Structures are given as structure tokens and as C-alpha cells.
Amino acid sequence: MTARSFSSWLKARVPTLDRYVFHQLLVALLATTGGLAALIWLMQSLRFVSLVVDRGLSLRVFIELTSLLIPSFVAVVLPITTFVVSLFVYQRLAGDRELTVMRAAGLSPLALARPGLACAIMATLMGFMLNLWIVPTSYHAFRQYEFQIRNKMAAFMLQEGVFTKVSDVMTVYIRSRSHDGTLHGIVVQDDRQPDRRATILANHGTMMIVNDTPRVILYDGSRQVIDHKTWRLDMLVFEQDSMDMSSTHQEDARFRDAAEMSLNELLHPDPKEVSPRDTGKFKVEGWRRLTSPLTCFSFAMVGLFAVLRGVFSRHGNIKRPLAAVLTVVGLLAVNLLLQNLASRNMTLIPLIPLIALLPGIICSVILFGPELKAARAQPRSV
């Protein structure tokens, strides 16, 4: 189906008013979610400025690294922005008397809420896609990239005339670097062995990768170590030596964060990777991924209920939008509290999906229940 044929099908099947309201909701949702996610990305990316300042990362690498966190930011803000957009757009329609005209034209509450429901369902499906696939994949790639930068790439980003902190236990200085990559005037402070801290001097050297580990080949130098027992300086002069430039804390078998695990790994933790004390936290994280998208629907229904249920007032009414905002804030607080308690007491886990879906169901029943009940009863009376 081409774009033109899909547009023709959409115009033929979807009423004009629905397309008009849905367009406003979709544009507002994209703009709000994108803007808020960008703001969070800007604040969170400040944590990685030290990689640029201390280790000389390029702006391209910095953006590539931090952009891998954007899907997780979108997943967090999507339920909130769905509520804000639903409440704001419908409240603006009510303030401009457009909802009044639609009601006068015979549109029922269900017909008025149809674009908002479509937007909420779309946000819910997007939330499931983010939580179950995109976020774990992107966050795993972020952790791998960060590890590579901190433990491998940083060794190749030595700046001339600068003491570069390759790791927490190693500092390297080079006087100059030639066009073929040869390093000249090398000074290395190696503190990987606290009782055998060494200062290494070399006339020149070259960098290379050996078994996926950065190493430097040093030529015409010396290794100086102070013996803490005799407090004498031991010096070893060498013509050629090689040195591992990574830290002693190899993270090849590093502990994986819960955010980068799959849903099955979270709901059924491996005892070899997860201690019994942390089992509850991993299971709660798994249920959070399953239920967080459902809050998009529930929060949108709270916003629609606040606008469509009340009686129109020509002077405006701030009480219903304010009550909706306080309700969503309360639901977020209860959800966070429940997740914290459920991580310690796993018998509370079934309450997580209940709290996520129940507000939306209640608002739907109150808002659409009388209309659906009347629609079912009408054929019987004929």
C-alpha cells in the first residue's frame, strides 16, 4: 500500500473530526516527548563530560555514547507526556468551544474520546516496544561502549604534553607523537600493585592491540620501583619491554545491570548471576517493563475523564485539570512506593499491574459505561 492510497483509505474510513483531533494529539505528543527526552539527555550527558575533558574523547564519540541512553529517557517520560498532551489538547478544545460544537453535533463521549484513545493505544504499543526490545538493546550497547572507552580506547587517546589518566591506577605522559604513531618521551606511573608502584621511563614506544587488550611496546627505558622493606630504589634498564595499558580489574565478566537484561532473565533470574537477596529487585524490574506502558492508557484516560466528564463552564474550570494532575502525581508516587516494597516482599508484585491498569479501567467505565449500556439495550426495545 502506497502512502497516497493509505491517505485515501484513511480519509474514507476515519471521520474528519477524528483526524483533526488526532493530528493535534500526535504532533503535541511527539514535540513534548522529544523535548523532554532531549532535556533529560542534556542533563544526564553532563556525567560523561569528564571523558571528553580527561581522556580527550571527540565530540562524535561523546554523542554516539550518550545517544544510546535516549530510548530509556523516552520510555520513562512517555506515560507522563501522554497524559499531559491528552489533558492539554482536550482542555484547549473545550476552551475554544470546539467540544461544545461537537457535542451539539451529536457526538457522544466515546466519539469525542476516540482520537485520544487512539493516541493512548499508540503510545502504549510504543512503550511495549521500547521496554521489551529497544531499551535493553540500546542500554547494553551503551554499557559495552562505555567499557570500551574507559578500558581500551582511552589508552589510544594520549595527548602530547599532557598527563593522561588512563585508569584509576595508571597515568601516562608523552612528549610528542610522530606521524607513524610512534610515541616519544614516555613516562608511566603504574600503581596497579599498591606495594610495588613503579615509574617507567622510555625513549619511545608504539601502541598495539594484543588479545583485545591495549599494550605499549617500550624501547630504551627504565623501570623504577621503591622497595618498601628497605626503602631503596630498584631500577631495571631495558632495551625493549611491553606493558598492559588496561587496569587490573578486568570487566570481561562484568556484572550486567538489570536494565540490559531481557524480560525472561528478569522474571526468572539466574542464581549464578543474581544473589537471592536481589531476586525481588530483578522480578520487580521485569514487571515494571510489562506494566509501565499500560500507564500510558491509564494516564490518558484520567486526562480525558477530567475534560469530558465535567459540565461546560464559560469561565473555565481549573479544578478538574488540577485534580487530574494531582491524581497522576499520586499514582506515580504509589507506583514507586509499591515497586520499592515489592522488591522486599514479592507477594506484593501482583499489585503492580493492578495499580497500572485500574485507574484507566475505572475512568473508562464511568465515562463510557452509560453509553455502551444504552447501546446494548436499544436493539431489545425495538
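Worth a mention:
- Average silhouette area of the chain, convex hull of alpha-carbon atoms, in square nanometres: 29.8
- The chain, helix-only ellipticity at 222 nm - DSSP H runs n ≥ 4, -39,500 (n - 2.57), divided by all residues, nearest 500: -19000 deg cm²/dmol
- In Hz, Karplus ³J(HN,Hα) per residue of the stretch 163-175 (6.51, -1.76, 1.60; θ = phi - 60°; x = Gly, Pro): 7, 9, 8, 5, 8, 5, 10, 8, 10, 10, 10, 10, 6
- Rounded to the nearest 10 degrees, the angle from helix 109-129 to the longest Cα principal axis of the chain is 20 degrees.
- Heavy-atom accessible area, probed at 1.4 angstrom with all protein chains present, ranks HIS23, HIS184, HIS228 as HIS23, HIS228, HIS184, highest first.
- Accessible-area composition of the stretch 159-244, carbon plus sulfur, in percent [1.4 Å probe]: 49
- Degrees, to the nearest 10: 319-342 long Cα axis against longest axis of the chain: 50
- In the stretch 161-231, trypsin sites (Lys or Arg not before Pro) in a DSSP loop with at most 11 other beta-carbon atoms within 10 Å: LYS229
- Label-point separation, LEU39 to ALA118 (7 Å along Cα→Cβ), nm: 2.9
- Straightening the chain between ARG13 and PHE163 buys 47.3 nm, computed as 0.36 nm per residue apart minus the Cα-Cα spacing.
- Neighbour count of at most 13 Cβ within 10 Å plus DSSP loop: longest GluC sites (Glu not before Pro)-free window in the chain: 1-250
- LEU357 versus ARG47: modelled label distance in nm, points set 7 Å from Cα along the beta carbon direction: 3.3
- Note on exposure: ILE121, ILE366 ranked by accessible area (1.4 Å probe, complete protein assembly) read ILE121, ILE366, with the most exposed listed first.
- Förster-model FRET efficiency, 45 Å R0, ARG344 and GLU239, C-beta, rounded to 0.05: 0.15
- Spacing of the two label points (7 Å from each Cα toward its C-beta) at VAL27 and MET129, in nm: 2.2
- Solvent-accessible area per residue for the stretch 159-244 (1.4 angstrom probe, square angstrom): 62
- Between 0 and 90°, nearest 10: helix 16-45 axis offset from the chain longest Cα axis: 20
The values are calculated or read from the model by the stated rules, or taken from the named source; none is laboratory data. These numbers were taken from a predicted model, which means no experiment stands behind them. Don't worry about glycine lacking a Cβ; one is built from the backbone with ideal geometry, like all the others, and counts go over all protein chains shown. For accessibility, only protein heavy atoms count, side chains too; no ligands or nucleic acids. Shrake-Rupley method; radii C 1.70, N 1.55, O 1.52, S 1.80 Å.
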